[in-house]
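To keep things clear, I will list the structure first and then write my remarks on it.
Just so you know, all these numbers are worked out from the coordinates, no wet-lab data involved. Everything quoted here is computed from the prediction, not taken from an experiment. Cβ: placed from backbone, ideal geometry, glycine included. Neighbour counts: every protein chain shown.
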Amino acid sequence: MQTTAIQTALLSRGFDLGPAKADGIWGRASISALRDFQFSQHIMPTGVPDAATLQALFGQRTVPLRPDPVWYGEASRLKGLHENTTAGSNPVILDWAKALGGWVRGVYTDDATPWCGLFVAHCIATTLPRELLPSNPLSALAWAKFGQSLSKPSLGAICVFSRKGGGHVAFYAGEDDTTVHVLGGNQSDAVTVTRVLKSRLVGYRWPTTAPLPTGGPTVLAGGGAVSRNEA
């Protein structure tokens, strides 16, 4: 996993990641260590592992030319996480709301409430702590004004969709002729990759504190079920 490789490289260079060390989770300790490394290399200390940072960190060894966005890595790590429908709410999902704090902490107390926006907020907030979230991150359509607009998608782009009575938000994983493949929460009550009709797409967004993507659309095979209502 790219996150673990970056953490291991930082540790080998003497940068402190705390007791968790190379645990594959891109949190505050990893961000702080990467900023320190970037500063030492005269690279803008954003805490985001862009291509220039990876080249400096790994030297001549093979490194990804298009690093996966750190928030997409966090989303991928959570694949398979499911609502706890038999014994109450999944405490992991509720912890995301507690960590966001403010009014979200008090309002979001049951994972029967749609949590696609909460999932995206968690992935962005934990990996890009300087990023400004929507004032109502629980609202999928509020993400249509998040960050900056993209004219074309790239891996990890925030995809906002409309549906009757609301919307849906998730991360771009690829596309086929008629659907966007998205990695998101509250998809069949879990964190999964699913297909959503392109006709429902409101737009693609990208965080302002991360470098703009250098890649473009990823073409994937079609087939399989298409999500029509994520409520």
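One Cα centroid belongs to the stretch 128-151, the other to the stretch 1-55; the line between them spans 25 Å. Rounded to the nearest 20 debye, the dipole magnitude of the chain is 360 debye, with +1 charges on Lys and Arg beta carbons, -1 on Asp and Glu beta carbons, and the Cα centre as origin. Quick one: net charge around TYR204, please, counting Lys, Arg +1 and Asp, Glu -1 for every other residue with C-beta under 14 Å from its C-beta. Charge balance near TYR204 sits at +4.
Where nothing but the Cβ of Lys and Arg (+1) and of Asp and Glu (-1) is charged, how large is the charge dipole of the stretch 2-58 around its Cα centre, in debye to the nearest 20?
In debye, rounded to 20, the stretch 2-58 gives about 40.
The packing ranking, built from the mean of other Cβ atoms within 10 Å per residue, places the peptides 137-149, 36-48 in the order 137-149, 36-48, highest first. Over the stretch 70-227, the Kirkwood radius and the radius of gyration, each from Cα atoms, give a ratio Rg/Rh of 0.94.
Each Lys or Arg adds one and each Asp or Glu takes one away; over the other residues whose Cβ falls under 12 Å from the Cβ of TYR108, this sums to -1.
Based on DSSP, what percent of beta bridges with both residues in the stretch 70-227 are antiparallel, to the nearest 5? Among the beta bridges of the stretch 70-227, antiparallel pairing accounts for roughly 90 percent. Sorting 167-177, 201-211 by average packing, meaning the other beta carbons within 10 Å per residue, from highest down gives 167-177, 201-211.
How charged is the neighbourhood of SER89? Take every other residue with its Cβ under 15 Å from the Cβ of SER89, and add Lys/Arg as +1 and Asp/Glu as -1.
Numbers: positive: LYS98, ARG105; negative: GLU83, ASP95, ASP110, ASP111, ASP189.
Within the 15 Å Cβ shell, the charges total -3.
Applying a threshold of 32 Å to the alpha-carbon distances of LYS79/LYS152; LYS21/LYS152; LYS79/LYS145; LYS21/LYS79 flags LYS21/LYS152 as lying beyond it.
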